[in-house]
Amino acid sequence: MTFALYALLVLALLFVLVLGAGMLTALALFIIDKTQTGDAIRRNYPVIGRFRGLFTSLGEFFRQYFFAMDREEMPFNRAQRDWVSHATTGKGNTIAFGSTRNLSIPGTPIFVNAVFPPLDDQFSVTQPLRIGPTAKIPYDAPSIFNISGMSYGAISRPAVEALSKGAAKAGVWLNTGEGGMSPFHLTGDCDVVFQIGTAKFGVRDEHGQLSDEKLRAVAQHPQVRMFELKLAQGAKPGKGGILPGDKVTQEIADIRGLKVGQDGISPNRHAEIDDFGDLLDMIAHIREVTGKPVGFKTVIGSSDAWEELFELINARGADSAPDFIAVDGGEGGTGAAPMPLMDLVGMPLRDALLRVVDMRDRHGLKERIRVIAAGKLVNPGDVAWAICAGADFVTSARGFMFSLGCIQALKCNRNTCPTGITTHDPHLQKGLVVEDKYIKVANYAKSVIKEVEMIAHSVGVAEPRLMRRRHVRLVQSNGDSIPLNKIRPSYNPATPK
């Protein structure tokens, strides 16, 4: 028998074996599908019916890469993600041949360029702004654009380390998220905002109550510049989170103040805060214990409900005020939230921010309370709009996730993030190289700030916080555009409240 004939017989045998195995597998799947009762399609169309589930799962990825236009996707489109990706290189971010943005969509912001803008040597960079002037240790925040809360546990160790180092390099602050402060938040020696969630992770006693001793210990870290009391977040207002006990390792337990294997349950609100008086009391207590600025983060459902807060502040005196209010839009994101809350509850930021700014200014607290805007603000135009609307600072979580390499795989609520950002699988985390990613984080932050300053220069002011509502127009349903100050006039102190 020649070698060629022998090889042919072996290949034929292998083909028969593979064919047989395939037929046996198909037969097994046919029997399983025909006898199961949970899926009508698979029961009526055995084997073939399985492709429906496969195509449904893959549909979002095919749309993302092959079918959707640059500006069509949700929650973030390709144009937004590509801008962040280019920004992380630090090599400029120009495009060619014209904008792909549809400027006829109602609500689209159009910035009003000055007829005679300042010359290049008449332009200045953004100046630091003080937060907490009455605190023992106020914070002169250097950057208008900063990193929003993402807890260690929700994101991985290398992701936190890259954000910490990138924040330090770019001169922006890093919010810990409600999971407490890990050693990895301090890796880069950046400015840190410690978030106190409803479970008080990181500053709780054995009964889950706020511990003054632990507050003082956290405040002793010079990197910790402020404390943020989290009342609600945009993706799930009125709903707390659960970290399953099987994910609570010794490390997580030590950071969060739990026992190993104990479920980390975040209540839907702070049990000891029943009204605005309690809120101001809690803020004053934390500020007294820590000596550092204290504010809160929330989602606005109705601005009417919040008038009482500002009236109470004025009744008690300006010293009772929170040092900042972080306004999260109802469109805010998270790794896991019920769809009705994510889709239907809470005002969008572009409505809520204007209302909070106006309430603050009407009550004469513009210089006392800083307003921070959050909620899908990832590109320079988003940030510039928020500054025009009256925000003092802007924070972003998902923008910085994109700078880390997030591909919007929509797997944040599982342990299978392919980029290593939201997974604790060591194999997947290897893809996130801290020494590469922190440079990209810093480049992204610097690019946003630089281009917001460029927009400010174009509209005719020396730095971003000098932009006003008159500097941006909003497209209307008939195609016309109207200045924002005509739609929502800023409060004028010369006009009675």
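The values are calculated or read from the model by the stated rules, or taken from the named source; none is laboratory data. No experiment lies behind these values; they were computed from the predicted model shown. No Cβ is skipped: glycine too gets one built from the backbone with ideal geometry, and neighbour counts run over all protein chains shown.
General observations
- Complete set of residues in region 344-394 that are more than 23 Å from Val448 (Cα to Cα) and in contact with a Pro (Cβ under 7 Å, 6 or more places away or on another chain): Val345, Gly346, Ile369
- All positions within region 172-197 that are free of Cβ contacts under 8 Å to residues at least 40 places away in the same chain, assigned to a loop (DSSP other than H, G, I, E, B) and of a type outside the set (Ser, Thr, Tyr): Gly177, Asp189, Cys190
- Residue in region 212-221 that is modelled with pLDDT of 95 or more, in the same structural domain as Ile325 (by TED's automatic domain parsing) and outside any helix (DSSP H, G or I) present: yes
- Whichever residue in region 354-370 is more than 19 Å from Ile487 (Cβ to Cβ) and among the hydrophobic types (A, V, I, L, M, F, W, C) and, among such residues, is surrounded by the fewest Cβ atoms within 10 Å (Cβ to Cβ): Leu365
- Residue match in region 375-396 (condition: free of Cβ contacts under 8 Å to residues at least 60 places away in the same chain and more than 23 Å from Asn492 (Cα to Cα)): yes
- Single condition Arg350 does not satisfy, out of (1) assigned to a helix (DSSP H, G or I); (2) crowded, with 24+ Cβ neighbours inside 10 Å; (3) in contact (Cβ under 8 Å) with a residue 60 or more places away in the chain: (2)
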